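Structure first, commentary second.
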Amino acid sequence: ETLCHSGHCPPCLETIFTDLTCACGRTSIPPPLPCGTMPPLCQLPCSVPQPCGHLGSHSCHFGDCPPCSVPVSKECVGGHVILRNIPCGSNNIRCNNPCGRTRQCGLHACGRSCHSPPCDTLPDFVKGYRAPCGQTCGAPRSGCRHMCMAQCHPTMSCPDVRCEFPVTITCSCGRISANVPCDVGGSNSNYNADAIYEASIIQKLPVPLQPVDANGQKVPLGQRKLMCDEECAKLERKRVLADAFDITPSLDALHFGENSSFELLSDTFRRDPKWVLAVEERCKVLVLGKSKGTTHGLKIHVFCPMIKDKRDAVRLIAERWKLAVNAAGWEPKRFVVISVTQKSKAPARVLGVKGTTTLNAPLPTAFDPLVDMDPRLVVSFPDLPRDADISALVLRFGGECELVWLNDKNALAVFHDPARAATA
């Protein structure tokens, strides 16, 4: 009622002569009251009925009631799971699961996280039409069963394009491998472009591809095989020998250097299996035989002079039987002597005969000049006294024999001439 002025208006000077009440009317302030007095604070529960049927847990108030806070179980908006202890007044509850509803194409599931429908918003004039959804097709291709990587095409078949899915091709034995594109499809593409593409892949391979007889038809790179090389042939020989020697089939265990004894034994077994089996037979007789090869309680066998490769083969075979190995003499008449020790025992399987065990003692082996030393050339010195000195005796035949000590009291003298051995 004041005249026009600047700034805030002064307080109203009117007086209220009626009760000032709260929203529910159960709390009031009696008059007179100056105009502008705030309604009283009411601590009584809200009496407005809740639409959900729960009792209000808030105090009396003016305006709309706050959302109901009573914990209840509610389903997420996507209909995947029922969540517990959700406030009753909460809406649009979402879980972390993928939506999973079928999209507008009718083929793919919605990959978005839980949301309220719809997954796709289509104009009214295309409702009911199977429109592409924009996702990767993913259907298995007819030629190779790899996924179609084109965009969703619900009303058309998968396009005939070259499959770029990486596959691994190997050589026949599996040692060499390489990754190449599957290469199935693309029959309608340009022939020259295909040839250039294939040549660019082939030149990066470690070895050439095996030739194929396709009768003029294209053979995809993913269905080709690599050619084996010399290392593959060596590995195959090692596999054969490992099977014969009952060695673990691990390829790492078969990886030896070029000049190793194992490699030489592999070649020997491939070239002359009868000789290798004859050496195995001598070891078998020595370990399992009752009297063959016995010299006053010491079981020994002397092999004839042979080249270094065969001596190495004898050593490896004898080690399978845990036999002691001694080499003596000078080239080209160097020879090997094997003898039984306390640790000597038969291996799990006899060399060369798959599935044969060593439970039964073998028959005595006939003399073979290509394997055995002539027994007329061997003079034994068994059970020598500790203080015996046979050096002077051997010196009488200097250059005519080789002295081999088997242990501290047993020795052999191997002569070159049977007559001189008889004299000794």
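At 1.4 Å probe size, put Tyr129, Tyr191, Tyr197 in order of accessible surface, largest to smallest.
Ranking Tyr129, Tyr191, Tyr197 by accessible area, largest first, yields Tyr191, Tyr129, Tyr197.
Residues of segment 308-351: accessible area per residue at 1.4 Å, in Å²?
With all protein chains present, segment 308-351 gives 51 Å² per residue.
Pairs Lys284/Lys343; Lys238/Lys345; Lys299/Lys345; Lys234/Lys274; Lys299/Lys333; Lys238/Lys308: which exceed 18 Å Cα-Cα?
Lys238/Lys345; Lys234/Lys274; Lys299/Lys333; Lys238/Lys308
Extension gain Cys12-Leu44, at 0.36 nm per residue separation less the Cα-Cα distance, in nm?
Residue separation times 0.36 nm, minus the Cα-Cα distance, leaves 8.4 nm.
What is the packing order of peptides 224-237, 316-329, taking the mean over residues of other C-beta atoms within 10 Å and listing the highest first?
Going from most to least packed, we get 316-329, 224-237.
Roll a 1.4 Å probe over the protein heavy atoms and report the accessible area of Phe17 in Å², nearest 10.
That residue has around 150 Å² of solvent-accessible surface.
Would you please give the residues with an amide H less than 5 Å from that of Asp372, counting only those at least 5 places away or on a separate chain, with H modeled from the backbone geometry?
The answer is Cys304.
Note the full-extension length gain between Ala278 and Ala23 as 0.36 nm times their separation in residues minus their Cα-Cα distance, in nm to one decimal.
80.4 nm
With a 1.4 Å probe and all protein chains in place, put Leu403, Leu412, Leu395 in order of accessible area, largest first.
I get Leu395, Leu403, Leu412, largest accessible area first.
Could you quote the convex hull projected area for segment 181-226, Cα atoms only and averaged over all directions, in nm²?
Value for segment 181-226: 3.3 nm².
How much accessible area per residue does segment 1-85 have, counting only protein heavy atoms and a probe of 1.4 Å, in square angstrom?
Each residue of segment 1-85 exposes 78 Å² on average to a 1.4 Å probe.
The values are calculated or read from the model by the stated rules, or taken from the named source; none is laboratory data. Since the structure is predicted, the reported quantities are computational estimates derived from the model, not experimental observations. Neighbour counts run over all protein chains shown; Cβ positions are idealised from the backbone, glycine included. Quick note on the areas: whole protein, heavy atoms, side chains included, nothing else; ligands and nucleic acids left out. Shrake-Rupley method; radii C 1.70, N 1.55, O 1.52, S 1.80 Å.
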